[in-house]
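Down below is the structure, laid out as structure tokens.
Any read-out appearing in this document is the output of simple, stated calculations on the displayed coordinates, not a laboratory observation. Only a predicted model underlies this, so the values are computations on that prediction, with no experimental measurement involved. Cβ placement follows ideal geometry from the backbone for every residue including glycine, while neighbour counts extend to all protein chains displayed.
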Amino acid sequence: MSKLQRTTFETSRAAEYFDARQLSALVGVSQDGFASVCLKELVDNSLDACETAGVAPVVGVKVEREDDLMRLSVSDNGPGIPAGVVRKVLDYNIRVSDKAAYRSPTRGAQGNALKTVIGIPYALGSREPLVVEAQGVSHRIRPWVDPAGAVHFDYSSAEMLLESREPGTTVSLEMPNAPQGEAATVAAINGFGSAHVAQDFDPLHWVRSFAAFNPHATLSYQGKGEGSEDVEIYKPTHEGPFKKYVPSQPTSPHWYSSESLKVLVFSHIGRAA
Amino acid sequence: MGEGFTHLSAFKDNEEKVGELLRAMQAATKEPKPKALGFVGKEHFETFFERVYGSVIETTYARNSSTLPSGLPYTFEFALAHLDEPGHLYCGINFSPTFGDPLEGTTLAGPEFKAGGIQGFLNQAYALPSTERAWHRTPASVAVVAHIVTPAPLFLDRGKTRLDMEGA
């Protein structure tokens with residue numbers, strides 16, 4: 001009898017971002033909170049981008065529910081995410097973050113926000129592309145995971161027509177959404193065991209929450225579904241620049257420990273190498 | 001410290017010197033006051049409550065700045081609006097809402113009682129608005145905002161909700 005010569009295969013851990021159960025462990029939120037994760041991460045990114053650029057943030061959230069589908073779109077008036085950064089985000093072997101190594105009173109520092117947002121719709125069963133529009137370019141990102149667990153991306157980018165270009169960044173995604181009130185897990189829909197999960201998602205509460213903590217920002221919400229439409233706009237209550245720490249300000253050495261400064265120093269060394 | 005160090009790359013083989021660099025930088029700079037962290041403020045919360053709930057009977061606001069056991073500064077601000085009907089609880093860290101109570105697991109002590117977390121404290125004070133934890137009790141006719149600002153918050157969970165108040 002011939003002997004089996006076993007091959008040692010390497011499996012990317014990127015697949016963790018595209019499996020609902022593993023993703024849930026990664027972000028620390030149950031699967032029915034995934035839509036909330038997308039909204040929060042995208043609005044955090046939008047506010048940070050605007051503040052860093054010295055622009056008073058104008059952030060729009062649109063949610064459209066149609067049968068068992070939900071479309072979420074978040075837009076801002078920041079400088080727009082550069083095309084190179086979008087492509088770097090698709091490298092799941094690295095973290096792309098301008099905050100992870102710094103210690104400052106800034107919003108989330110996970111360094112994988114957009115990676116998570118790309119993974120969530122797929123993990124919930126969507127096969128529609130996530131679309132990022134910024135700096136005149138429309139990026140369409142459709143992830144897929146092969147049976148061996150390797151992650152692939154169907155990625156395309158196209159110059160946008162001048163008349164459809166908007167300042168800032170718009171991220172649009174679509175995810176399945178089982179009707180509210182049903183059992184959380186309704187039916188497995190693909191080979192990875194992902195399932196339609198009823199999202200415990202109150203986008204208006206999230207938008208109001210962001211409005212509560214950001215007096216300098218304009219936040220708008222547009223929700224459509226089941227024949228109704230909600231629109232709420234929160235305007236800034238602060239005249240002039242808002243007195244808060246912004247991500248472009250220097251950080252203080254008093255906010256670091258030896259260990260956290262080592263992270264910053266060696267991140268710089270690694271980047272220069 | 002690090003004689004002749006002119007580039008960060010010099011630390012590559014002298015990792016322990018980073019501590020010296022930190023101490024030198026701290027000695028050469030003033031520690032920022034907690035005010036530098038920023039805060040939202042009473043006026044905005046009042047406007048926010050009126051915008052969301054219409055009629056507001058009264059708003060109470062408190063803000064406190066201090067340092068954590070780790071030495072890191074923090075500012076905690078808290079606003080409570082008395083309403084005609086139950087409102088909501090809004091919790092945030094560094095100008096961003098959280099998924100839940102950031103002080104869950106932290107004991108908050110007041111002059112009359114102590115309780116676990118913001119929700120527990122409000123519950124004890126019969127001032128917990130509509131939340132999942134208020135199922136056993138009629139929610140109070142209030143809306144509450146609790147906001148913590150601190151550099152480098154450490155979290156006890158991957159959802160970045162529960163703050164480690166003892167952490168460095």
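What the table shows:
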read-out	value
Calculated FRET value between residue A:257 and residue A:3, using beta carbons and R₀ = 60 Å, to 0.05	0.65
³J(HN,Hα), Karplus 6.51/-1.76/1.60, whole Hz, each residue of region A:51-56, x for Gly, Pro	4, 4, 7, x, 9, 5
Cα-based equivalent ellipsoid of region B:34-149: semi-axis lengths in Å, sorted from largest, via gyration tensor	23, 18, 12
Cα-Cα over 24 Å, subset of A:62/A:88; A:40/A:88; A:244/B:17; A:244/B:42; A:40/A:115; A:243/B:33	A:62/A:88; A:244/B:17
Candidate aspartates and glutamates for bridging to residue A:3, where Cα separation is under 16 Å - those fewer than 8 sequence places away on the same chain excluded	none
Projected-area average for the protein assembly as shown over all orientations - Cα convex hull basis, square nanometres	27.9 nm²
In Å, descending, principal axis extents of the Cα set of region A:1-155	73, 42, 31
Per-residue [θ]222 nm for the protein assembly as shown (sum of -39500 (n - 2.57) over DSSP H runs n ≥ 4, rounded to 500)	-7000 deg cm²/dmol
Alpha-carbon Rg/Rh ratio, for region A:13-272, with Rh computed the Kirkwood way	0.96
Partner chain coverage, peptide B:83-89 - average Cβ within 10 angstrom	1
Burial order of peptide ranges A:40-53, A:224-237, A:133-146 (average beta-carbon count within 10 Å, highest first)	A:40-53, A:133-146, A:224-237
Among A:20, A:158, A:211, residue whose mean-square fluctuation peaks in a GNM of chain A (springs only between Cα atoms under 10 Å)	A:158
GNM top mover of B:12, B:114, B:33 - chain B, alpha-carbon springs below 10 Å	B:12
Inter-chain Cβ neighbour average for residues A:205-211, partner chain, 10 Å	5
Average partner coverage of A:254-267, which counts Cβ from other chains inside 10 Å	6
Net charge of Cβ neighbours under 15 Å - reference residue A:55; Lys, Arg +1; Asp, Glu -1	-3
GNM result for chain B, Cα springs below 10 Å: residue of B:98, B:60, B:75 fluctuating most strongly	B:60
Under-5 Å amide H pairs with residue A:196, H placed in peptide plane, nonlocal only	A:186, A:187, A:189
